[in-house]
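Participant: Dumping the structure here so I can ask a few things about it.
The values are calculated or read from the model by the stated rules, or taken from the named source; none is laboratory data. Since the model is a prediction, treat every value here as computed from it, not as a measurement. Please note: Cβ atoms are built from the backbone with ideal geometry, for glycine as well, and neighbour counts cover all protein chains shown.
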């Protein structure tokens, strides 16, 4: 769409767009085309202006026109957006990962894709198993060795916990922080409990990451960063500059995507 708009406006329209998905299903998010001020307000004070672009961090954006998902319409080129994740940390502890799975190939095999089609982040099986193992180990660190009881899985999730064993904060459930580390290694994406956990009932919360299965040699990515992990994060896709800008959770600034200041 940004490319079509740029052509329609004689190239004066910057090939750039930004999205901010709301965590509240009854609220509206925001979609921006071109350059724009990103001004939001805290929920407690609609008169206050917070320019959230000051929180942007940047990494290289890889745009791929090879299909990695459903068949495309005849003649349509549907871009998919990849980033180079080099490691995953849980409370700063590295998750053991076969690094070749993180390599992106233009055939669509491997690598890490950003998608709103998937409701939750999916991980290749070996990555998922390592990730959950480290997450559960670090849960004890986060809770000060207070046990968090695991409960039966609730589809589509495999790893679920007793809600009453977890504290709450401004950033969601008090669980281990997750960091996606990018190719410029000083840049990482922080995922807190608000984006890592899903409340499935009054008593149960689940880790909002799914086991996608092993890579089979077909056009499958190793990591799909899904919509739940994108909520209340502002992401700017600068196609012309091949750059992704992201804020990590806006809750750190007491702002939600539904608080855009029109």
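Participant: Return only the number of the condition from (1) touching a strand residue (DSSP E or B) at 6+ places or on another chain (Cβ under 9 Å); (2) at pLDDT below 95; (3) more than 21 Å from residue 190 (Cβ to Cβ) that residue 92 does not satisfy.
Facilitator: (3)
Participant: Can you find, within the stretch 194-207, the residue that is nearest to residue 164 (Cα to Cα) among those that are surrounded by 19 or more Cβ atoms within 10 Å (Cβ to Cβ) and free of Cβ contacts under 8 Å to residues at least 40 places away in the same chain?
Facilitator: 197
Participant: In the stretch 234-262, which residues are free of Cβ contacts under 8 Å to residues at least 24 places away in the same chain and touching a helix residue (DSSP H, G or I) at 6+ places or on another chain (Cβ under 7 Å)?
Facilitator: None - no residue of the stretch 234-262 is free of Cβ contacts under 8 Å to residues at least 24 places away in the same chain and touching a helix residue (DSSP H, G or I) at 6+ places or on another chain (Cβ under 7 Å), so the list stays empty.
Participant: Next question, about the same structure. Among the numbered conditions (1) surrounded by 13 or more Cβ atoms within 10 Å (Cβ to Cβ); (2) at negative phi; (3) under 20 Å from the mean Cα position of the chain (by Cα), tell me where residue 117 comes up short.
Facilitator: (1) is the only condition that residue 117 fails.
Participant: I've got another one for you. Does the stretch 178-200 contain at least one residue that is more than 25 Å from residue 128 (Cα to Cα) and assigned to a loop (DSSP other than H, G, I, E, B)? Walk me through it before giving the result.
Facilitator: Initial filter on the stretch 178-200 (more than 25 Å from residue 128 (Cα to Cα)): none.
Checked against the condition, which is being more than 25 Å from residue 128 (Cα to Cα) and assigned to a loop (DSSP other than H, G, I, E, B), the stretch 178-200 yields no hits at all.
Participant: Filtering the stretch 58-80 down to residues that are part of a strand (DSSP E or B) and modelled with pLDDT under 95, which residue is surrounded by the fewest Cβ atoms within 10 Å (Cβ to Cβ)? Steps first, please.
Facilitator: Of the residues in the stretch 58-80, the ones part of a strand (DSSP E or B) are 58-60, 62-64, 80.
Now restrict to residues that are modelled with pLDDT under 95: 62-64, 80.
On the way: 62: 17, 63: 12, 64: 19, 80: 20.
Filtering the stretch 58-80 for residues that are part of a strand (DSSP E or B) and modelled with pLDDT under 95, the one surrounded by the fewest Cβ atoms within 10 Å (Cβ to Cβ) comes out as 63.
Participant: Right, next: Any residue at all in the stretch 133-148 that's under 18 Å from the mean Cα position of the chain (by Cα), within 30 Å of residue 201 (Cα to Cα) and at pLDDT 95 or above? Reasoning before the result, please.
Facilitator: The first filter runs over the stretch 133-148 and keeps only residues under 18 Å from the mean Cα position of the chain (by Cα), leaving 135.
From what's left, within 30 Å of residue 201 (Cα to Cα): 135.
Keeping just the survivors that are at pLDDT 95 or above gives 135.
Yes - at least one qualifying residue is present in the stretch 133-148.
Participant: Under 6 Å between Cβ atoms, at least 6 apart or on separate chains: pull out the pairs that start in the stretch 208-233 with a residue that is on the phi > 0 side of the Ramachandran plot and surrounded by fewer than 21 Cβ atoms within 10 Å (Cβ to Cβ) and end on any residue that is assigned to a helix (DSSP H, G or I) and at pLDDT 95 or above.
Facilitator: Once the first residue is on the phi > 0 side of the Ramachandran plot and surrounded by fewer than 21 Cβ atoms within 10 Å (Cβ to Cβ) and sits in the stretch 208-233, its partners that are assigned to a helix (DSSP H, G or I) and at pLDDT 95 or above give 213/125.
Participant: Can you work out which of the residues in the stretch 130-160 that are in contact with a helix residue (DSSP H, G or I) (Cβ under 7 Å, 6 or more places away or on another chain) and surrounded by 15 or more Cβ atoms within 10 Å (Cβ to Cβ) is farthest from residue 88 (Cα to Cα)?
Facilitator: Step by step, filter the stretch 130-160, then rank; the result is 148.
Participant: Would you call residue 212 at pLDDT below 95 and assigned to a loop (DSSP other than H, G, I, E, B)?
Facilitator: Working: at pLDDT below 95: yes; assigned to a loop (DSSP other than H, G, I, E, B): no.
No, not satisfied.
Participant: With respect to residue 241, is the statement that it is modelled with pLDDT of 95 or more, surrounded by 19 or more Cβ atoms within 10 Å (Cβ to Cβ) and within 23 Å of residue 63 (Cα to Cα) true?
Facilitator: Working: modelled with pLDDT of 95 or more: yes; surrounded by 19 or more Cβ atoms within 10 Å (Cβ to Cβ): no; within 23 Å of residue 63 (Cα to Cα): yes.
The answer is no for residue 241.
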